[in-house]
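Colleague: Sharing a structure, written as structure tokens. Questions coming.
The values are calculated or read from the model by the stated rules, or taken from the named source; none is laboratory data. Note that the structure is predicted; figures quoted are calculated from it, not measured. Methodologically, a virtual Cβ is constructed for each residue, glycine included, from the backbone with ideal geometry; neighbour enumeration extends over all protein chains shown.
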Ligand code: ADP
């Protein structure tokens, strides 16, 4: 029951609804004890032959009034209690969502998306149930049960009440045993459901790869297996669940047996009237619901406990990237200076960056090249503070980057990642993503700079064409250029193109680079690339090799120096010559 204590903050927040709801439930419980009494009285009148029309009408009216009052009150408490419970799940859902958006990429690396989805759906539902049905059953089993018991004991016979309730301890034991079992099995079912969620999410995201490799059948098979696992684990839950009701019915049956046997004896001995016995057995019938509710309570509370713990654990996860106290809210401008001894990813052993030291002046262009896995992206991720735990410092303008608020730092930087993402929205909305109030001209200007304007004009609805999963299919290069336009629209102090020109051809690349040069005078640009032509004109070029700076300088300096850069440059020149030659050859044919 500790989950009620943990949820106390919420009950306090909604105290008006809960207190009124509980009072209404109490009145309901009281009114429910009236009809059996009336039936008993009527039967005694019939037996004694004292029934008159007036008496009949009086009690009929009483029953009718009770029924109407119960109808209204039952509706009312449902609104109050279940209505509040919905608010709890809404509140937790919003909190979770806000929390998810704050977490850094390493959080998403550790967590499976399917799990997170399961928390946001199933777990919240279980918690909502605890705050709704849980409270209801708690109050009902105690109040209604208590009222009925008290009425039985004090207005009919306490002796018969004790005798009829003898089987109760057995029920308490059975319920608690089932409760534990249910809890264990429920956890397993929930885990299986998370895995299934994860599988579906992954398969749908990767459907193109699955199809391209003709892996559909295997994927269906592996889905079927997981789905069966979910079913079998839920069946295991249902098995225990299914034991609840029969067990309770059996115990209630024994209770009835005792009540009728001993009650009849008491009637014969003149200790009770027939009417009393009828009332008594009707009351016993009324006790079934509170007893069941008690069994359910275990069930609901166990689920709520597990779910609440998981959601809380998620919410309690600290953001890895913390802002400094009194962080500077003004977006940084100025030189960027790296002075890093080393950086190792969380939970990894080997450092991915070592001795990264360079000074980039404001307005300069930095080119970073090196083999895949050399650490180019990592180096950039440190600048936007996706990761924090490095030895050394990175300065931007007059301060270290950790001294700015995250918002300030990131609003100075336009980052075009390798794995660009387009939302299922119009082209215009995608470009204006970080700047929704941008004017039409600005959007077009950014698109022109990114060399995508003409392509967009060709789309059926131009800038209003829907892209992304539910829209038009774009080529990799078009997606890349829309992502670039998105970053350019912000006209950021620092523009980062992280291998963002890989899917466009050499000519388009050149056009984009020239446009950038003209439009970003005085602003810093950082480009990582495989094609050296993309960074050839940079003011500073870093050649990364296994996380270290192997070479550093301008194109001319690096060409003079020889080594990886010159070898690569010459090889790529040759390749492009061959390519062009190929085209010339094709044209000539
Ligand atoms: P590049 O951009 O030059 O291809 P990366 O910076 O992406 O290189 O990767 C550098 C190294 O860091 C690689 O060995 C890669 O496996 C590793 N790495 C990249 N991202 C992570 C991460 N989030 N967690 C752990 N290791 C990572």
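Colleague: Out of 542, 516, report the one residue that is surrounded by 15 or more Cβ atoms within 10 Å (Cβ to Cβ) and more than 16 Å from the ligand (Cβ to nearest atom).
Modeller: Going through 542, 516 in turn, just one is surrounded by 15 or more Cβ atoms within 10 Å (Cβ to Cβ) and more than 16 Å from the ligand (Cβ to nearest atom): 516.
Colleague: Only one residue in 347, 326, 355, 299 is modelled with pLDDT under 90 and in the same structural domain as residue 534 (by TED's automatic domain parsing), so which one is that?
Modeller: 347
Colleague: Determine which single condition residue 501 fails, assuming it passes every other condition in (1) away from the ligand (no atom under 16 Å from the Cβ); (2) surrounded by 22 or more Cβ atoms within 10 Å (Cβ to Cβ); (3) within 29 Å of residue 360 (Cα to Cα).
Modeller: (1)
Colleague: Oh, and also: Can you name every residue in segment 407-461 that is within 16 Å of the ligand (Cβ to nearest atom), assigned to a loop (DSSP other than H, G, I, E, B) and either surrounded by fewer than 17 Cβ atoms within 10 Å (Cβ to Cβ) or modelled with pLDDT of 90 or more (or both)?
Modeller: 418, 419
Colleague: Given the options 175, 180, 101, name the one that is assigned by TED's automatic domain parsing to the domain that holds residue 271 and touching a helix residue (DSSP H, G or I) at 6+ places or on another chain (Cβ under 6 Å).
Modeller: On the way: 180 fails: touching a helix residue (DSSP H, G or I) at 6+ places or on another chain (Cβ under 6 Å); 101 fails: touching a helix residue (DSSP H, G or I) at 6+ places or on another chain (Cβ under 6 Å).
Answer to the selection: 175.
Colleague: I'm told residue 394 meets every condition in (1) surrounded by fewer than 18 Cβ atoms within 10 Å (Cβ to Cβ); (2) within 30 Å of residue 344 (Cα to Cα); (3) free of Cβ contacts under 8 Å to residues at least 60 places away in the same chain except one. Can you identify the failing condition by its number?
Modeller: Answer for residue 394: the failing condition is (1).
Colleague: So, residue 537, is that one assigned to a loop (DSSP other than H, G, I, E, B) and within 16 Å of the ligand (Cβ to nearest atom) or not?
Modeller: So residue 537 does not fit the description; no.
Colleague: What number of residues in segment 365-375 are under 36 Å from the mean Cα position of the chain (by Cα) and either more than 13 Å from the ligand (Cβ to nearest atom) or buried (at least 21 other Cβ atoms within 10 Å of the Cβ) (or both)?
Modeller: Selection size over segment 365-375: 2.
Colleague: Turning to a different aspect of this structure: Right, residue 316: surrounded by fewer than 22 Cβ atoms within 10 Å (Cβ to Cβ), away from the ligand (no atom under 16 Å from the Cβ) and without any contact (Cβ under 8 Å) to a residue 24 or more places away in the chain or not? Give the steps one after another, and end with the answer.
Modeller: Values: surrounded by fewer than 22 Cβ atoms within 10 Å (Cβ to Cβ): yes; away from the ligand (no atom under 16 Å from the Cβ): yes; without any contact (Cβ under 8 Å) to a residue 24 or more places away in the chain: yes.
So residue 316 passes the test.
Yes or no, residue by residue, for (1) in the same structural domain as residue 7 (by TED's automatic domain parsing); (2) in contact (Cβ under 8 Å) with a residue 12 or more places away in the chain; (3) over 24 Å from the mean Cα position of the chain (by Cα):
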site	(1), (2), (3)
264	yes, yes, yes
270	yes, no, yes
293	yes, yes, yes
310	yes, yes, no
331	no, yes, yes
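Colleague: Which residue, of 68, 19, 46, 34, is loosely packed, with under 12 Cβ neighbours inside 10 Å, closer than 30 Å to residue 155 by Cα and at pLDDT 90 or above?
Modeller: 68
Colleague: Return yes or no: is residue 213 in the same structural domain as residue 37 (by TED's automatic domain parsing), surrounded by 19 or more Cβ atoms within 10 Å (Cβ to Cβ) and modelled with pLDDT under 90?
Modeller: Numbers: in the same structural domain as residue 37 (by TED's automatic domain parsing): yes; surrounded by 19 or more Cβ atoms within 10 Å (Cβ to Cβ): no; modelled with pLDDT under 90: yes.
No.
Colleague: Could you count how many residues in segment 341-364 are surrounded by fewer than 19 Cβ atoms within 10 Å (Cβ to Cβ) and either outside any loop (DSSP other than H, G, I, E, B) or more than 10 Å from the ligand (Cβ to nearest atom) (or both)?
Modeller: Counting residues in segment 341-364 that are surrounded by fewer than 19 Cβ atoms within 10 Å (Cβ to Cβ) and either outside any loop (DSSP other than H, G, I, E, B) or more than 10 Å from the ligand (Cβ to nearest atom) (or both) gives 12.
Colleague: Which of the following residues is over 27 Å from the mean Cα position of the chain (by Cα), over 21 Å from residue 189 (Cα atoms) and in the same structural domain as residue 189 (by TED's automatic domain parsing): 206, 275?
Modeller: Only one candidate qualifies: 275.
Colleague: Tally the residues that are without any contact (Cβ under 8 Å) to a residue 12 or more places away in the chain and either over 16 Å from residue 97 (Cβ atoms) or not in a helix (DSSP H, G or I) (or both), restricting the search to segment 111-124.
Modeller: Selection size over segment 111-124: 1.
This table checks each residue for (1) under 23 Å from residue 4 (Cβ atoms); (2) part of a helix (DSSP H, G or I); (3) modelled with pLDDT of 90 or more.
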{"position": "228", "(1), (2), (3)": "no, yes, yes"}
{"position": "236", "(1), (2), (3)": "no, yes, yes"}
{"position": "272", "(1), (2), (3)": "no, no, yes"}
{"position": "277", "(1), (2), (3)": "no, yes, yes"}
{"position": "283", "(1), (2), (3)": "no, yes, yes"}
{"position": "295", "(1), (2), (3)": "yes, yes, no"}
{"position": "308", "(1), (2), (3)": "yes, yes, yes"}
